[in-house]
Amino acid sequence: MTKTVTMNAKPYEFSFNPENTAIILIDMQRDFVAPGGFGEKLGNDISATREIIPACENVLKAARETGMTVIHTREGHRPDLSDCPPSKLNRGKKQGAGIGDEGPMGRILIRGAYGHDLIDELQPEEGEIVIDKPGKGAFYQTDLESILHNRGITQLIVGGVTTHVCVQSTIREANDRGFECLLLEDCSAAFDKRDHEDSIRMIHQQGAIFGWTSTSEELITAIKSSSE
Ligand code: TIU
């Protein structure tokens with residue numbers, strides 16, 4: 001049994017009970033966080049996405065010790081690309097990052113390819129949920145919403161990459177579905193730090209218009225105090 005706890009956050013305190021809260025790490029895949037993947041082929045410097053790995057590991061450790069629901073997502077497509085909208089395919093190719101093209105880690109953003117999988121440091125443990133999603137938001141064309149309802153989850157603590165694309169899309173989708181979301185600033189990253197900073201402000205502005213933001217340290221302190 002855990003009790004409801006309150007943590008410091010922007011724009012004001014965030015309260016949650018770990019029993020009704022899921023940690024969701026968005027797309028910490030080699031294709032975004034390792035050299036030669038989709039992220040780098042789109043012309044980005046991936047270093048900022050690697051800097052968050054230790055903080056994500058710390059959060060996973062605390063969540064696992066408390067028995068919280070942990071969810072990992074992966075962006076990607078079927079090998080025959082039948083679930084990839086032509087619009088997405090065409091834009092990637094224009095940027096030199098063709099979804100389905102052979103890269104150093106196998107076919108880019110294709111389910112089953114080495115590059116599509118989660119990085120070694122953040123591999124799921126047995127019993128954790130992995131959501132394969134074709135879009136940017138984790139709710140679009142997935143069973144995430146029903147999994148959350150079935151477990152009685154009402155709040156989401158979100159990290160991963162990239163803050164301004166898949167992380168923001170997922171938080172916006174979750175907010176419209178009635179979930180309260182908190183972004184972990186030091187567990188999320190964009191290729192350009194300005195996109196990351198802008199996303200943080202967009203989420204917590206106007207009295208938590210989409211959600212709250214805070215840090216892994218605040219979260220871990222709160223999680224630990226929930227079982228005291
Ligand atoms: N390009 C970019 O910033 N992001 C993506 O394409 N996917 C995710 O954010 N996961």
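What follows draws every value from the coordinates through simple rules; no lab data is involved. On a predicted model such as this, the values are computed, not experimentally measured, just so you know. Virtual Cβ from ideal backbone geometry, glycine too; neighbours counted across all protein chains shown.
When we measure straight from the Cα of Lys93, which lysines land under 28 angstrom away, once same-chain ones fewer than 8 places off are left out?
Candidates past the 8-residue exclusion: Lys41, Lys133, Lys136, Lys193.
Count charges around Glu51 for me, please; just the other residues with Cβ under 13 Å from its Cβ, Lys/Arg as +1, Asp/Glu as -1. Mind dumping the intermediate values first?
Working: positive: Arg50, Lys193; negative: Asp45, Glu57, Glu121, Glu185, Asp186.
Local charge sum for Glu51: -3.
Once the dipole of the range 1-102 is set up with Lys and Arg at +1 and Asp and Glu at -1 on Cβ about the Cα centre, which of Pro11, Gln29, Gly43 lies farthest towards its positive end?
Pro11
Would you list which lysines come within 24 Å of Lys224, measuring only between C-alpha atoms, while excluding same-chain residues fewer than 8 positions from it?
Within reach: Lys3, Lys10, Lys61.
First select every other residue whose beta carbon is under 11 angstrom from the beta carbon of Lys10; then total the charges, Lys and Arg +1, Asp and Glu -1.
Every neighbour counted, the sum reads -2.
How would His204, His149 line up from fewest to most surrounding beta-carbon atoms within 10 angstrom?
Working: His204 22, His149 13.
With the sparsest Cβ surroundings first, the list reads His149, His204.
Where both residues lie in the chain, what percent of DSSP beta bridges are antiparallel, nearest 5?
Values: 7 of 34 bridges.
Roughly 20 percent of the DSSP beta bridges within the chain come out antiparallel.
Tell me whether the range 5-227 comes out rounded, prolate or oblate; compute the Cα gyration tensor, take square roots of the eigenvalues as a ≥ b ≥ c, and use a/c under 1.5 as the rounded threshold. Please report the intermediate quantities before stating the final value.
Values: a/c = 1.70, a/b = 1.59, b/c = 1.07.
Verdict is prolate for the range 5-227.
Report the full-extension gain for the segment Arg111 to Arg151: residue separation times 0.36 nm, less the Cα-Cα distance, to one decimal in nm.
Values: separation 40, 0.36 × 40 = 14.40 nm, distance 2.62 nm.
So the chain would gain 11.8 nm between Arg111 and Arg151.
If you place +1 on the Cβ of every Lys and Arg, -1 on the Cβ of every Asp and Glu, and leave all else neutral, what size is the dipole of the chain about its Cα centre, to the nearest 20 Debye? Don't skip to the end; give the middle numbers.
Numbers: 24 positive and 35 negative charges, 124 e Å.
Magnitude of the dipole: close to 600 debye.
Could you give the distance between the Cα centres of the range 145-171 and the range 1-61, to the whole Å?
11 Å
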